[in-house]
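The values are calculated or read from the model by the stated rules, or taken from the named source; none is laboratory data. Because the structure is predicted, anything quoted here is derived from the model rather than measured. Cβ sites come from the backbone with ideal geometry, for glycine too, and all protein chains shown count toward neighbours.
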Amino acid sequence: AALSAPPDQPVLIHDAARPLLDRAVIDRLLAALDGADGALPALPVADSLRRGADGLMTDTVDREDLWRAQTPQAFRRGVIEAAYATWPSSETPTDEAIVVQRHGGRVALVDGDPRLMKLTYPEDFAMAEAMLPRQIRIGSGYDVHRWGPGGAVWLCGVEIPHDQTLIGHSDADAGLHALTDAILGAIGEGDIGDHFPPTDDTWKGAPSDLFLKHAAGLVTARGGRISNVDVTLICERPKVKPHRQAMRERLADILGIPLDAVSVKATTSEGLGFTGRGEGLAAQAVATVELPAA
Ligand code: MG
């Protein structure tokens with residue numbers, strides 16, 4: 001009644017519990033309206049059908065001409081309106097196709113789509129999510145900080161007692177910075193400096209989990225999720241291995257992903273280069289992100 005469409009305008013009536021609607025289904029419905037008063041998507045019944053009572057099978061139902069009705073269902077606006085006008089107010093129709101058919105209309109069956117499943121039970125949501133088209137994205141990040149005087153160092157969100165510290169504008173956690181850049185890279189959101197300019201004093205001495213949380217939040221805002229992350233720390237000292245598990249747990253906690261989706265590794269550079277000479281620490285990271293398909 002709220003529509004201003006003219007009587008010959010097609011209208012599609014959809015059950016919102018079927019979110020995975022493909023454009024092709026709509027095209028089939030509109031095409032079928034050329035030769036019918038209404039059209040609905042339907043699927044053949046693949047399983048055998050049985051009647052039963054008290055837990056025992058009583059009869060077999062021939063599934064030859066049985067169809068599973070889906071939505072959206074398409075009608076000319078004037079047709080569905082006229083049909084509803086004659087529907088007995090004492091009865092509740094299970095769908096619009098019944099209303100039009102009982103009004104004497106010819107309702108066409110067009111090919112349905114298994115993805116149009118009706119989300120009815122809690123477990124249906126997991127199945128629907130598995131059917132959503134998704135794209136896999138990968139991002140990489142790299143960061144370096146210089147060693148300076150100090151008594152502890154932040155690495156991957158964990159404070160490690162050490163005879164030096166890393167120098168930087170924030171807490172200089174190169175592991176978190178590389179990982180933040182990896183996640184930003186996976187979603188094409190620039191780098192950490194774009195989001196937290198080092199010229200801005202707000203981030204002076206800031207704990208870097210804040211940067212990582214921000215990047216993870218951008219993924220969530222796009223309906224995506226982080227599948228896994230892998231960080232490699234490159235330094236001669238301190239020894240990373242004793243802290244690896246704590247780092248993994250911290251990253252999993254910040255990102256809200258399972259522990260087995262988080263890897264932290266460390267290597268020396270065999271005494272070579274700036275990491276080998278103990279001038280600085282380098283970190284690199286890779287992140288895999290799943291986004292809804294465009
Ligand atoms: Mg940095």
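Taken together, LEU43, LEU30 contain a single residue that is touching a Lys or Arg at 6+ places or on another chain (Cβ under 7 Å) and touching a residue at least 12 places away in the same chain (Cβ under 8 Å), which is LEU43. Taken over segment 164-205, the criterion of being under 22 Å from VAL264 (Cα atoms), of a type outside the set (Ser, Thr, Tyr) and more than 9 Å from the ligand (Cβ to nearest atom) is satisfied by GLN164, ILE167, ASP171, GLY175, LEU179, ALA182, ILE183, LEU184, GLY185, ALA186, ILE187, ASP191. Taking (1) at pLDDT 95 or above; (2) away from the ligand (no atom under 14 Å from the Cβ); (3) at negative phi in turn, ALA215 satisfies each apart from (2). Considering segment 200-232, and only residues there that are of a type in the set (S, T, N, Q) and part of a helix (DSSP H, G or I), the residue that is surrounded by the fewest Cβ atoms within 10 Å (Cβ to Cβ) turns out to be THR202.
The rows are residues; the columns are (1) part of a loop (DSSP other than H, G, I, E, B); (2) over 30 Å from LEU132 (Cβ atoms); (3) touching a Pro at 6+ places or on another chain (Cβ under 7 Å).
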| site | (1), (2), (3) |
| --- | --- |
| ASP15 | yes, no, no |
| ASP47 | yes, no, no |
| ARG50 | no, yes, no |
| MET57 | no, yes, no |
| ASP65 | yes, yes, no |
| ILE80 | no, yes, no |
| ALA85 | no, yes, no |
| SER90 | yes, yes, no |
| ILE98 | no, yes, no |
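Counting only strands (runs of 3 or more DSSP E) that fall entirely inside segment 105-173 and contain at least 1 residues that are in contact with a Lys or Arg (Cβ under 6 Å, 6 or more places away or on another chain) and buried (at least 18 other Cβ atoms within 10 Å of the Cβ), the qualifying elements are 107-111, 158-161.
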